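What follows is a set of notes on a single structure, which appears directly below.
The values are calculated or read from the model by the stated rules, or taken from the named source; none is laboratory data. Given the structure is predicted, the values throughout are model-derived calculations rather than measurements. Cβ: placed from backbone, ideal geometry, glycine included. Neighbour counts: every protein chain shown. Note: accessible area is taken over every heavy atom of the protein model, side chains too, but ligands, DNA and RNA are not part of it. Shrake-Rupley method; radii C 1.70, N 1.55, O 1.52, S 1.80 Å.
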Amino acid sequence: MEKRTDKNSYTILFAIGMVLVVGSLLAFAASSLRGKIDENKRLEKQQNILYAMGVNENDESSATFVSTDKAPEAFSKYISKQLVIQDGKALEDENAYLIDVKKEQTLAKEGSYVRRLPLFVGVKDDKTFYIVPIRGKGLWDAIWAYVALDKDMIVQGVFFDHKGETAGLGANINKRFFMDDFIGEHLMAAGTFKGINVIKGNADPLNKDKTDNEVDAIAGATITGNGVSAMLKSELKLYVPYFKTLKTN
Amino acid sequence: MALLSKKDAKLITDPLADNNPITIQVLGICSALAITAELNASLVMAVSVIFVLGVGNVVISLMRNIIPSKIRIIVQLIVVAALVIIVDLVLKAFAYELSKTLSVFIGLIITNCIIMGRFEAFALANGPWRAFLDGVGNALGYGIILIIVGFFRELLGSGTLFGIPVLGDPIAKTGLYAFGYENNGFMIMPPMALIVVGLIIWVQRSKNEALIEEN
């Protein structure tokens, strides 16, 4: 005898029911948690920016942000100015850190749109940091970074992160041993913008030469490393005119 | 009285060795190769799979009498995908830091063949309690292998365990490195995971009498 659950009509009804139940369950979960998730992302941005300029709770080897409950306070304390650079003009905007770099990149690809470039000016111990958010492609998915520079475009601190690089290999770009290598590296070489290359077989694995525009790559993470080089080169280049104006003033 | 009857206990212990999902059934290999370069990731993946497989098996088992057999595979997929997405959303809202460490694994869990395998082979034919035990048992068996492989790959490949250097400093040449020892960079590449898994299978097959085949 045919079982009740084998009938076509039952199968179709079951499928419809299942879709409705699971669909509404997921929609409910997503919309009720959205506010909290967005808030977490906003705080994370603040933590990332602060991390790049050296406001963090690092111990000897780990990378630790200021805690989420202290982040907003620290952010308003250390970040003195937020700028949006568009078409060569820098305007203040207190919500510049909420600009979605990914969206700006896609819009800019479509022709006439001129990208808005966010830049945050931070002051800590009388030192001024210019922090820039950038975004690029790793092996599997997006990678991004917050790079803190001084007025000569020498890296003062950097925070890398990724969406889905391989654990243990490319994912290590957000580890101290990789990020700390960038501190002190020059982006310019003899007055022109050169970027920083993540290089295998670097002759300088201890990274003592800060003006070679090179840092040592992570073994097994070639594509992610190339992604980091490409991101630094193409994105930071857009800020060069702004840094030139800093010098002339 | 024992906590579990003998039959129930076997559901947990069997997949640990005699019927291990990775080494005997050779399921879930893809994730075992991808994420075992460090011990930490292995552990996180093991815990995630224990949770998803335990809960997923119970859900499928509860639905086993109403699932139409023609579309049962897609129903199983929807259950595991929905479960994983909900877990992901909840983590993002309440444990953001943790969710960032897990993000890579969340997607991998959906494609883990052990999960579909247990739904299909066990949960569809057994009650929720037994299905739960079976799910946890198989996920533990999977996790053990992940941790063994992760241990060797991280130790020999990077000289660390859970990110802590145990063999000395390779650049300053202290500890073992002072005697000319070098990290084997090859160990952190995925192919070496396959070789380590192969070695585990070899050891297991030659030691465990239940598995020795007669020719």
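Taking A:F14, is it more than 23 Å from B:L98 (Cα to Cα) and without any contact (Cβ under 8 Å) to a residue 24 or more places away in the chain?
yes
Name the residue, out of A:L232, A:L169, that is at pLDDT below 90, surrounded by 22 or more Cβ atoms within 10 Å (Cβ to Cβ) and in contact with a Gly (Cβ under 6 Å, 6 or more places away or on another chain).
A:L169
Here is a list: A:V84, A:V55. Which entry is touching a Phe, Trp or Tyr at 6+ places or on another chain (Cβ under 8 Å) and away from every other protein chain (no Cβ under 14 Å)?
A:V55
Quick test of your reading of the structure: A:I16 fulfils all but one of (1) surrounded by 12 or more Cβ atoms within 10 Å (Cβ to Cβ); (2) within 14 Å of chain B (Cβ to nearest Cβ); (3) at pLDDT 90 or above. Name the failing condition by number.
Result: A:I16 passes all but (1).
Does B:I115 qualify as being open to solvent by less than 40 Å² (accessible area, probe 1.4 Å), away from chain A (no Cβ under 11 Å), within 24 Å of A:V19 (Cα to Cα) and part of a helix (DSSP H, G or I)?
yes
Between residues in the range B:158-178 that are within 12 Å of chain A (Cβ to nearest Cβ) and residues that are among the β-branched types (V, I, T) and open to solvent by 50 Å² or more (accessible area, probe 1.4 Å), which pairs lie under 7 Å by C-beta distance while being six or more apart or on different chains?
B:T160/B:V166
What tally of residues in the range B:65-102 results from selecting those that are farther than 17 Å from A:V22 by Cβ and either more than 7 Å from chain A (Cβ to nearest Cβ) or open to solvent by less than 50 Å² (accessible area, probe 1.4 Å) (or both)?
12
Out of (1) in a loop (DSSP other than H, G, I, E, B); (2) within 10 Å of chain B (Cβ to nearest Cβ); (3) touching a strand residue (DSSP E or B) at 6+ places or on another chain (Cβ under 8 Å), what's the single condition that is false for A:A171?
Here A:A171 clears every test but (1).
Only one of A:Q46, A:Q82 is within 30 Å of A:V114 (Cα to Cα), in a helix (DSSP H, G or I) and either more than 15 Å from the chain's Cα centre (by Cα) or not aliphatic (A, V, I, L, M) (or both); which?
Just one listed residue meets the conditions, A:Q46.
Could you list, in sequence order, the residues of the range B:133-186 that are surrounded by fewer than 19 Cβ atoms within 10 Å (Cβ to Cβ), polar (S, T, N, Q) and either in a strand (DSSP E or B) or touching a helix residue (DSSP H, G or I) at 6+ places or on another chain (Cβ under 8 Å) (or both)?
Correct list: B:T160, B:N183, B:N184.
Can you tell me how many residues within the range A:175-221 are assigned to a loop (DSSP other than H, G, I, E, B), surrounded by 20 or more Cβ atoms within 10 Å (Cβ to Cβ) and within 14 Å of chain B (Cβ to nearest Cβ)?
Of the residues in the range A:175-221, 4 are assigned to a loop (DSSP other than H, G, I, E, B), surrounded by 20 or more Cβ atoms within 10 Å (Cβ to Cβ) and within 14 Å of chain B (Cβ to nearest Cβ).
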